[in-house]
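Engineer: Below are the structure tokens for one structure; questions will follow.
The values are calculated or read from the model by the stated rules, or taken from the named source; none is laboratory data. Remember, predicted model here, so these are calculated numbers, not experimental data. FYI the Cβ positions are ideal-geometry reconstructions off the backbone, even for glycines, and counts take in every protein chain you see. When the accessible area is computed, the model is the full protein with side chains, heavy atoms only, and any ligands, DNA or RNA have been set aside. Shrake-Rupley method; radii C 1.70, N 1.55, O 1.52, S 1.80 Å.
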Amino acid sequence: MALRTCHQTKPIGCKRDGAYATARKTTCKAAEVAAHTKTFKEKTWSPIVYENGQKAHTLTQERFEVIQDLNGFAEEELLDLLKPVEQCWQPADFMPEPSGEGFEERVREMRERTAAIPDEYLVTFVGDMITEEALPTYMAMLNSLDGIRDETGASDTAWARWTRLWTAEENRHGDIMNKYMYLTGRVNMRAVESTIQRLIASGMDPKTENNPYLGFVYTSFQERATKVSHTNTAVDAKKYGDEVLSAMCRNIAADEARHEVGYGKIVEQLFMRDPDGAMLAFADMMRKQIVMPA
């Protein structure tokens, strides 16, 4: 940051013009540096505060700098784990095409295929779907983390792009699951939709304290949990005779596996660069437990 030079009228009667000007310039430069340093600290580190009894903004200045040092890693290694839109599957790939011929017949075939699926499976599937539909809660959590949040909603930083691209990929999961259940006619969709609305409206405190160390430990476990659950529902759907549903769940699980790799790599970097801080964050989240919305 370029330093300004202060220009002020010298006191009346001052004879040592050169000495005074030098002194004023030095004083103004020092004040400018102090102000800039204060602004930098305010932007990069906040003292611990309490919100509704929970700690917030617990990232120290030193660990903020570790996160900042990860910008290059995020740009060069993390973003490559996400796919271009053109290479992604879309929910329509698994659904009857409503604008094409034979839509009603394909829906009837779907309903016949899913008629033998037991209620116990549907309860699990709906639980997974509600978890996926709570995506706005997860994006809000990521954008609460100091040092990585998307400050404008369209920031070009690697962290901001990761959050938006990850969210865009995840958004397909709840979408396809919701549509599939709707077409099967096996589930009270109004009750499910009301539950999702209440869940998102109530929010969630994962106890990550605006701290990316804690936040990335949380997301690495969250992604593994969803990967395991969707893999299991894929296996069971095939056992119950619905190959389409099985393929759908396998594709969701594959996305979750890629995302788990990404968040795992971030945690791995934290352990490499700050072993003590990473271990403390890991232990803290293990004590708190990884709690998911559904």
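Engineer: Show the residue pairs meeting these rules: Cβ distance below 7 Å; 6+ apart or different chains; first residue within the stretch 112-124 and open to solvent by less than 100 Å² (accessible area, probe 1.4 Å); second residue modelled with pLDDT of 95 or more and β-branched (V, I, T).
Structural biologist: These pairs meet every condition: T114/T184; L122/V187; T124/T233.
Engineer: OK, next. Is it true that some residue in the stretch 166-178 is among the polar types (S, T, N, Q), touching a Phe, Trp or Tyr at 6+ places or on another chain (Cβ under 8 Å) and within 23 Å of L79 (Cα to Cα)?
Structural biologist: yes
Engineer: Checking the conditions here, which among D255, D236 is open to solvent by less than 20 Å² (accessible area, probe 1.4 Å) and within 25 Å of P96 (Cα to Cα)?
Structural biologist: D255
Engineer: Count, please, the residues in the stretch 128-144 that happen to be open to solvent by 20 Å² or more (accessible area, probe 1.4 Å) and in a helix (DSSP H, G or I).
Structural biologist: Summing the residues that are open to solvent by 20 Å² or more (accessible area, probe 1.4 Å) and in a helix (DSSP H, G or I) in the stretch 128-144 gives 6.
Engineer: Here's a follow-up. Which of the residues that make up the stretch 178-227 are at pLDDT below 95, open to solvent by 50 Å² or more (accessible area, probe 1.4 Å) and touching a Ser or Thr at 6+ places or on another chain (Cβ under 8 Å)?
Structural biologist: M204
Engineer: Given the criteria hydrophobic (A, V, I, L, M, F, W, C) and assigned to a loop (DSSP other than H, G, I, E, B), does A154 qualify?
Structural biologist: yes
Engineer: Additional query: Out of the stretch 260-294, which residues are small (G, A, S) and surrounded by 14 or more Cβ atoms within 10 Å (Cβ to Cβ)?
Structural biologist: Once the filter is applied, which keeps residues that are small (G, A, S) and surrounded by 14 or more Cβ atoms within 10 Å (Cβ to Cβ), the stretch 260-294 yields G262, G264, G277, A278, A281, A294.
Engineer: Being surrounded by 12 or more Cβ atoms within 10 Å (Cβ to Cβ) and more than 30 Å from E260 (Cα to Cα) is the filter here, so list the residues in the stretch 80-107 that pass it.
Structural biologist: Correct list: P96, F103, R106, V107.
Matching residues to (1) at pLDDT 95 or above; (2) open to solvent by less than 50 Å² (accessible area, probe 1.4 Å); (3) not in a loop (DSSP other than H, G, I, E, B); (4) not aromatic (F, W, Y):
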residue	(1), (2), (3), (4)
A2	no, no, no, yes
P11	no, no, no, yes
T26	no, no, yes, yes
A30	no, no, yes, yes
I67	yes, yes, yes, yes
